[in-house]
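Step one of this worksheet: look at the structure below.
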Protein chains: 2
Amino acid sequence: MKNRVITVSREFGSGGHTIGRRVAERLNIPCYDNELIQKIVEHSGFMADYIREEGEYAPSGWFAATLSSRRMGPTNQDRLWVIQHNIICDLAEKESCVIVGRCADYILRDKANCLRVFIHSSMEHRAERIVKEYGERDISPEQRLTDKDKRRAAYYRFYTDMKWGRAQNYHITLDSGELGIDKCVDIVAGLY
Amino acid sequence: MKNRVITVSREFGSGGHTIGRRVAERLNIPCYDNELIQKIVEHSGFMADYIREEGEYAPSGWFAATLSSRRMGPTNQDRLWVIQHNIICDLAEKESCVIVGRCADYILRDKANCLRVFIHSSMEHRAERIVKEYGERDISPEQRLTDKDKRRAAYYRFYTDMKWGRAQNYHITLDSGELGIDKCVDIVAGLY
């Protein structure tokens, strides 16, 4: 792979999306996040919201889990995995870019020119951040974070057979709450 | 805590020791690694080699495990833990410094001015490095690394109740094999 790709995995609410976008701006390369979802919409026919949830999170609750049973063959989630896998490989072949989430770190793991980044921060920092970014909900921000973390880790584990957030899976991991978003952008862009 | 402390946790053979020492030189502050062991010798009366092994690794094999049984009260390892805990807290109170290994990241976890770093690299990189640094042994470098990793993780788990190498435990984790020792030194010193 001649192109250079940065994959940004992140805990929900840690600012990984913002960091990915700002790194891409700094380096003058595209950042795929919502754009990636649009590409999956075009190739799959699934709705964007469905892709946003099912393409990165394990189903929540027994009812959803039953609907995604594999006894009947590949699930929609499995089909989505294949489509997003192919799109991510195509993107990496086509151009240098930043890709946020969607297990891109795992999908591109054997590519030499891929920098794998993981962004996390404390529950307090993230809770404050998601309320500011997305507003209040019926359930507490801590509950929303715990639920998202669990489901994202389960999804990652299922499709990659690796542990999400294990330092050894990444070239660099950063605590965006303690180091600050600006510093994280500087470090990641500096490594490119 | 007014002093600024950098703790460097590391996989065996990843170059964490070298990175810690070079960061300290760059910042003109002391680095505690072998010096820490000397301090523990003075306070405990244990031999340096014993401290080197027992103060960071879980016992290996059933015979050693039996000798360190807690049914008879605190083990030598427990005594060592208390001594090294107190010495590390004293150092952090006394001066800005770099501390390599010995669960210093956990011991100083509630101190505001502490930067927690974890250094790792792939089995191949580390195997090559330990043969170059410490020479060949009867058992393969991969076996030595696996043994050391396992025992260090078990020790860390026992005394801190946290998972060793989990990204969320550190402000920054770096793959020294992929990024290079020089780059790691630049980034860590730059965060001080």
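The values are calculated or read from the model by the stated rules, or taken from the named source; none is laboratory data. As the structure is a prediction and not an experimental result, all values here were calculated from the model. We place every Cβ from the backbone using ideal geometry, glycine too, and count neighbours over all the protein chains shown.
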When region B:2-30 is checked residue by residue, the ones that are within 16 Å of B:Arg52 (Cβ to Cβ), of a type outside the set (Gly, Ala, Ser) and touching a strand residue (DSSP E or B) at 6+ places or on another chain (Cβ under 9 Å) are B:Arg10, B:His17
For B:Met162, the lone unmet condition from (1) modelled with pLDDT of 95 or more; (2) surrounded by fewer than 21 Cβ atoms within 10 Å (Cβ to Cβ) is (1)
Selection from region B:1-58 of residues over 22 Å from B:Gly165 (Cβ atoms), among the aromatic types (Phe, Trp, Tyr) and outside any helix (DSSP H, G or I) yields B:Phe46
Note on region A:168-192: residues free of Cβ contacts under 8 Å to residues at least 40 places away in the same chain and part of a helix (DSSP H, G or I) are A:Gln168, A:Leu179, A:Asp182, A:Lys183, A:Asp186, A:Ile187, A:Gly190
| said: Whether any residue in region A:134-149 is in contact with a strand residue (DSSP E or B) (Cβ under 9 Å, 6 or more places away or on another chain), within 13 Å of chain B (Cβ to nearest Cβ) and of a type in the set (D, E, K, R) is what I want to check. | reply: no
Taking region A:179-192 and keeping residues more than 10 Å from chain B (Cβ to nearest Cβ), within 23 Å of B:Gly177 (Cβ to Cβ) and charged (D, E, K, R) leaves none
* Would you mind stating whether B:Lys183 is surrounded by fewer than 19 Cβ atoms within 10 Å (Cβ to Cβ) and farther than 30 Å from A:Ile6 by Cβ? => no
Residues in region A:59-84 that are at pLDDT 75 or above, over 15 Å from A:Arg102 (Cα atoms) and in a helix (DSSP H, G or I) total 1
| query | Hey, any hits in region B:128-138 for a residue that's among the small types (Gly, Ala, Ser) and in contact (Cβ under 8 Å) with a residue 60 or more places away in the chain? | reply | no
In the set B:Arg144, B:Arg151, B:Arg126, the lone residue that is in a helix (DSSP H, G or I), touching a Ser or Thr at 6+ places or on another chain (Cβ under 8 Å), more than 18 Å from A:Arg166 (Cβ to Cβ) and of a type in the set (D, E, K, R) is B:Arg151
* Asked: Got at least one residue in region A:165-178 being within 16 Å of the chain's Cα centre (by Cα), more than 12 Å from every other protein chain (Cβ to nearest Cβ), at pLDDT below 95 and under 26 Å from B:Ser121 (Cβ atoms)?
  -> no
- Query: Is there a residue being at positive phi and either of a type in the set (Gly, Ala, Ser) or in contact (Cβ under 8 Å) with a residue 40 or more places away in the chain (or both) anywhere in region A:141-160?
  - Reply: no
